[in-house]
Structures are given as structure tokens and as C-alpha cells.
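All of the numbers you see were taken from the coordinates with simple rules; none came from a lab. Since the structure is predicted, the reported quantities are computational estimates derived from the model, not experimental observations. Reconstructed Cβ throughout: ideal geometry from the backbone, glycine too, with neighbour counts over all protein chains shown.
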Amino acid sequence: MDTVRLRKLLSHQQNILSKIALGTPLNDILNDICLSIEEIIDDESTKCSILSLKGKQLFHCAAPNIDYKYCQLINGVNIGPNVGSCGTAAYRKSRIIVENIETSPLWKDFKKIALDFGFKSCWSTPIISTQSTVLGTFAIYHSSPKVPSTRELELIDYFVHFSSIALEKDIDSCKVKQLIVDLQQSNEKFKAFTKVMPDLALILSEDGEYTDIYGSPDELLYNSLNALINKNVSDVLPKKEAQSIMAVIKKTLATNDIQVFEYQLEVQKGKVTFEGRTAPIDHYQPSNPSQRHVVWMARDITTRKNAEKEVERLAFFDPLTNLPNRRMLNERLAMCVERIKRSHKAGALLFLDLDNFKRINDSLGHSAGDELLVELSKRLSRVIRSSDTLARVGGDEFIVLLEYVGEDNEQANIEAKIVAQKLLSVFQEKFEVEGLAFQVSCSIGICLVDNRHSVTNNILKFADTAMYRSKMKGGNGYSFYDPELQTLLEKQAELETDIVRAIACDEFCAYFQPQISAQGAVIGAEALIRWNHPNKGLIAPNEFISIAEQYGLIQKLQNIVLRDICILIEQLSAGNIMDEFFSVSINISQCQFNSSTLKTELLNTMNNFNIQPSQIKLEITESMLSADIDNTIQQIEELKEIGFIFSIDDFGTGYSCLTHLSAFPVNELKIDKSFIDKVLDGGKGGSIVQTIISLAKSLNISVVAEGVEASEQFDILKTMHIDSIQGYFIAKPMIQSDYVKWHKNNVARCGLIHLAILK
Ligand code: C2E
Ligand code: CA
Ligand code: CA
């Protein structure tokens, strides 16, 4: 190469390299390269173009002296084994020298275009990157068939090299530009995201420095954002809080894993419960790549936590008194039992039930009752230790669980007794409710929690039984659990279930025992209930009446008896063997007599039959009359008004009745069997009966003697002017069909009994 050319080459080289270094647009550089080689190659017709490869297609990037239309026609050509010089060179990754386009098989499909633009030869060199990928092609055209000289090839390689640098650099800078765009985009997304995020996102360095804080309003921060950024948690937060935050950071980085935890912090908004999540981040700060960080997400879960607490409170605490409820007590008792099993010490469970709460509730209403319970729970809480549990387990039922009362049972008994006395003492002072003062008392049942009693359900049951015993003793006291009482109560409960079953199975019926006048006329009968038990046979009322009364079943039994009475009366009147004065007695229990529904219950059953109230005699006992005289009189008057007849049963066994007899508007009294038994003794028995009869007569009340077993008894009673008698002497109680037979046999046309003994 001559010096002129060499100088030219060097100056072009300098120009191109400095343009590359300065970041001049790629097109300018490539154009310069084309122009440089065109100038240096010693042929006026030399035309250079540089094409870049995009995917599998070639496009012109620089062709300063080639017709634009030609470039357009070639642009987008797919590379392949026979696609002109450039398409083939890029495909084969090797230089393709086509001396004569017209004859070259490679140009078969394109020669027309090339020839049209005056191109006869084309030498194409692939531009290969440092990673050995094809970036494009470098083409030299001439207007006549031609092959390059070695010098020309060297020159081409030289400029191909520059083109490769320029193209590669351009690709890199494009990549960087794209990266920056991507980064900016993701940054924008992150900003938008953190703006709407209710959570707080903190970046903390491994040393505890607030590096970045995103999202969430200031109110969740301990301090204003500016006061925190670049500060260390240890300098900002109280010592304890800072320490626990540092511990989380340490754990996150040590485990390299996400940590989820809850914590509380007094922030600008107030005391907040957070759910924290941390994850490690490496290389967060490019300036300090070895420094590690954690991302710390903090979510305010105060509302949720409060709701959870409320749910728990409702589940385990009584809303009225805020005391633990039965569920909580059961849990504590179970834990207590477990501890006692291990320690061999003793605890105690005290069951408290108010004696007269129902009365207050009924008379003053529930809100007054509630007020009293709240006051009581406060008083009781004051007398127990904080380690003990006071629970409200029912309307007016409280339980005190004493976790530890002694090393052995004896000590435990004494301690439990002392606590019971303390609990009773809170009732000494009256309770003030709605401005009124009430004296309230309670019954306490105590069951020790020890190795004998270690089944929670039993402990509760036993304490309940003991409480019941206190009630039976009149209330306002305490009792310890007694297994015998337990057995009795269990039997009663069994009996109750059996009664319910028996009612459903129609096992109850009324028996009838006749009553006759002193003259021998059949004047009535008493209905007496019987239970035809499938296994136990016939059961007398004394064995089940009191249980039926306690468990609220008596009304059902009564309805059965009344139904049987109605059936009997209908049958007798149908047979025309009953006069208008004939009546059947039914025994009325205290609880029924007190109930406001007695009248409706009686009439409801009778409505199904053609029966008059005057055919029914209601037997009430003497003791029922002593309770509330005014109410009793009113109740009797009301029922008498509709026609019912009243008789006082078991007369003489009560206390006050003789003196008050005149006050009660009854029709009849039945002298109790215990007096009739003594009527022949010649002692006091006879004179009492005589007094009763005389008194009753003076009040215009007729008298029946019950339990008359012998003719001598009847005889003497007749001399005392008894009105009528009832007893085995006449007949035992009979089933209905037998009674009807007896009745038929013994009622003559004149209505007098045909008994041989009476003659
Ligand atoms: P009560 O009303 O005093 O009934 C009289 C009891 O004396 C009946 O016993 C009867 O069978 C029995 N008796 C009658 N005459 C004689 C006699 O000459 N000698 C002896 N030793 N006993 C005689 P019962 O049927 O076992 O009834 C017992 C108690 O059960 C009744 O006493 C009554 O208080 C109650 N009772 C019976 N039926 C009913 C009922 O339907 N409802 C209610 N609430 N109580 C009833
Ligand atoms: Ca009776
Ligand atoms: Ca009686």
C-alpha cells in the first residue's frame, strides 16, 4: 500500500474509532466505514453496504452510495444456502466471493434486481461477534465481474472488524438502554404498589439501620419517616423493642428463610399489633455489596386481634359478670386434676347456688337480678385468692375452684370449710338492687379434688349433690359430698326417666275405692293412681308421686287420673246406676294447687266428656291450707264457683287447721287414718275424732273417715255422727271394671249398699 493510501486508511481508522468511542449513532459510523472502503479500494465503481441480521432476516444499515430502492428490495431477505452473496455468507458464516452475478447459481433468484441496478460482482463477508454469532454482512459491489486481490481482502477484513465492534457495542448499549427502561418501569410499578399498600415495607440493614421505608402512612411508624431513615433501631426504639427486632433480623439472615411473627409496638397511631414478615436480601446496595439486608413487611392486625380476643372472651367468659364460664372452668378443672394427680396434694371445688334468687328475679325482673349477680360476683372475687377460679356456670350458680387446699384430705377439709365460710360471709351484708335492700343467702356444696375424685364430670356432679344437701338442710350453709345422697339422687333421676317412659307407654291408671254414707248408701269413690310397671308389677303412688312432683310430671299423671274418672262417671251414668249426689275424689298435689293453670287443666280434660264439675271432688291436704291463706281461699272459691267440691284430706295431721277451719270454704273433711286406728282405744283418739266431727258439723262441713278397716270402727263412728266412711272394711281400691261390678252389685234401687256386714 502506498503511503498516501496508508495515511488515508489511518485517518479513516482514527475517525471511526473515535466515533465508536464517543457513542456516535451506529448509522453514521457504518456509513463512514462504507465511504472509507469505497475511497480506498482502487476502483471507482466500488459500492459498499453493511447489513445487520435480525433473526433470520437481513436489513441494510448502511449503504451510502447504493440506490435506496435496491436496498428496499433486498431488505428482509431470509438467509439460506443459496441466497445471493450476503444471504449465503451469513448462513454459512464464511466469506462468499461472487465474481459474476449473472452466472452465479447463488444469485439465481436475485440476479435480475442486481443487474437492473448495475451490479455485476458481489463479495460478502459475515460480520461475526466476539461471541461468534453472526451480526450481519459486509458487501462490496462492482459494476463489472471481478475478484478481490489479497490486499483488497485484507482491507475488507480490516473494516469488517470495525463494523463488528460498532455493531456489538450498539447491541450492548441497546441492551443497557432496555435494562434501564425495564428498571424504571419496575420501579414505577413498585412505587404505585407501595403507595396503595396498607402495610409498611422497611428495608433494614443487618446492623439494624432503617435503609428504606415504603408504603403505609406515617401513623404506623414509630417516628416520622425522616427521623428514621438511616438511623439505627437501637438509637430510635426502646431497648426491649430494639432487641427483639435485632433478634428477628439475625434469625432471618442466619436461616436465610422467611420469618413470620407477631409483635406490638407503640407507634404514632398508638399501640398496634403487627404481623411481621421478613426475608433476606443480598446486594441491596451496589455501593456496599457485602452488606446484607432484610425486607420487613409490617401489617397492622390490631382490629383482627381485638376481634379474636372478643370471640375468645365470649367463648370462655360470662358476658354479664366477666367471670370465666363453664367451658373455661372445665378446662381449668381438667388442668387442676392433672396437677393434683402428679403432686398428690388436694384441691376443692365449691358449688354455690343462691337460695332465693328466683323470687328476686320474678318479682323485680331480670335486670334487677342481673344487677345482683354482678354485685355478688364482685364480692365473691374479693374473698378468693388470685390463683383460684371463680366461675359463673348458670343463672345463679357459681363455682369456686381451689387449686390447692392442703397436703392431705383432713387439711383440705378444714381449708375448704374456711373458704366456704368466707363465701357465706359475703351474704351477711344485704344487697341493694334498684334502691331496695335484699337479704340473699346461698347453699354451697363441696367436693374435694384428690386422687379419689379425679374425673372432672364427677367432681362437678358430686359438688352439685352436696349443694343439694345444703338446700335440703334449709339453705344458707355448706355440705361436703356424701356418696349415699348421690346414690339416692341417681335413683330418683332414674325413676324420673322411667316415669316419662311409662307415661308414653300408658302404664298409669286410676283405681277406685268406694265411699259410703253412715246409712250405707254409695255416695262416691276416691280415684287413686297406680303404675302397672312391666317389670316391677303394680307400684303404689307413695313410691313415685313425690318424684313426679319434683320433676314437674305430676300434671300429666293427674290428667290420666281425671280422664279415668270421667270414663267411669260416663259409664255409671250410662248404666243408670249413679245418682246426682255421687262424686269421685281426685287428689291434688301442692304444686298443682299453687299453679295458676289448675282450672284450665281440669276443664281441658273434662271437656272431652259429658261431665259436670259437681261430680268431681278435689282433695287437698291440710298442709296446703297453712301456706298463704288469702290465696288459698281465693283459689278454692274460684273453683267452687264452677261447681267443684272440696275436701280436706289427711285432716288432723297438720297443725293449724282446726282453728282456721271456719275460714276455708270447703265441703268436706277426711279424718286421717291414724285417728281412725285409735278410735277403739277408748283414749284420746276417740275424743279427737268426736271433736273434729262436732266442729265440722257446726260449720256445716261433712266428715268422712278414711282407713276404716273394721265394723266396730264403723259402729263407733256412727255413734259419733260420722257422715260417711272409706276403707278396706267396705272395699280396697279396685281397677275400674271391678269397681263398676262392685258398684252394680251394691247399689239397690233405693241406693243403699247390700253388704252383709251392714245388716
Ligand atoms: P290418700 O289420699 O290418703 O289415700 C288413701 C290411701 O290409703 C290410699 O293409698 C288407699 O289405698 C289407702 N287406704 C284406703 N283404705 C285403707 C284401709 O282401710 N287401710 C289401709 N291400710 N289403707 C287404706 P294409696 O292408693 O297407696 O295412696 C297413697 C297416697 O298417694 C294417697 O293418700 C295420696 O296422697 C297419694 N295419691 C294417690 N293417688 C294420687 C293421685 O292421683 N294424685 C296425687 N297427687 N296423689 C295421689
Ligand atoms: Ca286422698
Ligand atoms: Ca288421706
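Seen against the Cα atoms of the chain and their longest principal axis, helix 302-316 is set at about 20 degrees.
In summary, the convex hull built on the alpha carbon positions of region 183-252 has an orientation-averaged projected area of 5.2 nm². For Lys741, the lysines whose Cα falls under 23 Å of its own Cα, not counting residues fewer than eight places away in the same chain, are Lys617, Lys732, Lys759. Going from the residue with the fewest nearby Cβ atoms within 10 Å to the one with the most, Ile446, Ile360 rank Ile360, Ile446. With the simple spin-label model, which puts each label point 7 Å out from Cα in the Cβ direction, the Lys732 to Asn78 separation comes to 12.0 nm.
Pairing the Cα long axis of helix 554-574 with the longest principal axis of the chain, what angle in degrees results, from 0 to 90 and rounded to the nearest 10? Computed tilt is about 50 degrees. What residues from region 520-536 fall in the zone where the backbone N is under 15 Å from a label point 7 Å along the Cα-to-C-beta line of Glu570? Backbone N within reach: none found. Within a straight-line Cα-Cα reach of under 26 Å, Lys309 can be paired with the following lysines, leaving aside sequence neighbours fewer than 8 residues apart in one chain: Lys240, Lys269, Lys271, Lys378. Across region 62-190, Cα-Cα pairs more than 27 Å apart make up 28 percent of the total. Sparsely packed loop sites in region 455-517 (the trypsin sites (Lys or Arg not before Pro) outside DSSP H, G, I, E and B with at most 12 other Cβ atoms within 10 Å) comprise Lys473.
Which of the aspartates and glutamates could be linked to Lys54 by a straight reach, that is with a Cα gap under 17 Å, when you skip same-chain ones fewer than 8 residues away? Filter leaves Glu168, Asp170, Asp172. Amide H contacts of Val449: Gly347, Ala348, Leu349, each under 5 Å away and 5 or more positions distant or on a separate chain (H built 1.01 Å from N in the peptide plane; Pro and chain starts excluded).
One Cα centroid belongs to region 583-612, the other to region 292-345; the line between them spans 54 Å.
Each Lys or Arg adds one and each Asp or Glu subtracts one; over the other residues with Cβ under 15 Å from the Cβ of Gly686, this totals -1. Measuring against 29 Å, Cα to Cα, the residue pairs Lys358/Lys473; Lys8/Lys175; Lys111/Lys175; Lys47/Lys169 contain Lys8/Lys175; Lys111/Lys175 as the ones spanning a longer distance. Modelled label positions at Arg327 and Glu432, each set 7 Å beyond Cα in the direction of Cβ, lie 3.7 nm from each other. Over region 643-717, the hull volume per residue, using the convex hull of the C-alpha atoms, is 91 Å³.
Taking 19 Å as the limit for the C-alpha separation, the pairs Lys345/Lys471; Lys120/Lys146; Lys491/Lys536; Lys461/Lys491; Lys670/Lys697 exceed it in the case of Lys345/Lys471. Across region 197-307, Cα-Cα pairs more than 18 Å apart make up 47 percent of the total.
As a calculated quantity, the FRET efficiency between Lys471 and Ala334 at R0 = 25 Å, using C-beta atoms, amounts to about 0.35. Here Lys422 and Asp370 are evaluated by their C-beta separation; at R0 = 25 Å the FRET efficiency comes out at 0.55. In the chain, the DSSP-assigned H stretches of four residues or longer account for a calculated mean residue ellipticity at 222 nm of -14500 deg cm²/dmol, using -39500 (n - 2.57) per stretch and the full residue count as denominator. Pairwise alpha-carbon distances in the chain exceed 40 Å for 68% of all pairs. Full extension of the chain between Thr719 and Glu638 yields a length gain of 25.6 nm, computed as 0.36 nm times the residue separation minus the alpha carbon distance.
Working from the Cα coordinates of region 162-218, the gyration tensor eigenvalues give, after taking √(5λ), semi-axes of 38, 15, 5 Å in decreasing order.
For the chain, the longest principal axis of the alpha carbon atoms and the long axis of helix 456-472 meet at an angle near 30°. Annotation: the antiparallel percentage among DSSP beta bridges lying fully within the chain is about 80. Output the antiparallel fraction of DSSP beta bridges having both residues in region 417-524, as a percent to the nearest 5. Restricted to region 417-524, the bridges split so that about 55 percent are antiparallel. The alpha carbon radius of gyration of region 320-483, expressed as a multiple of 2.2 N^0.38 Å, is 1.01.
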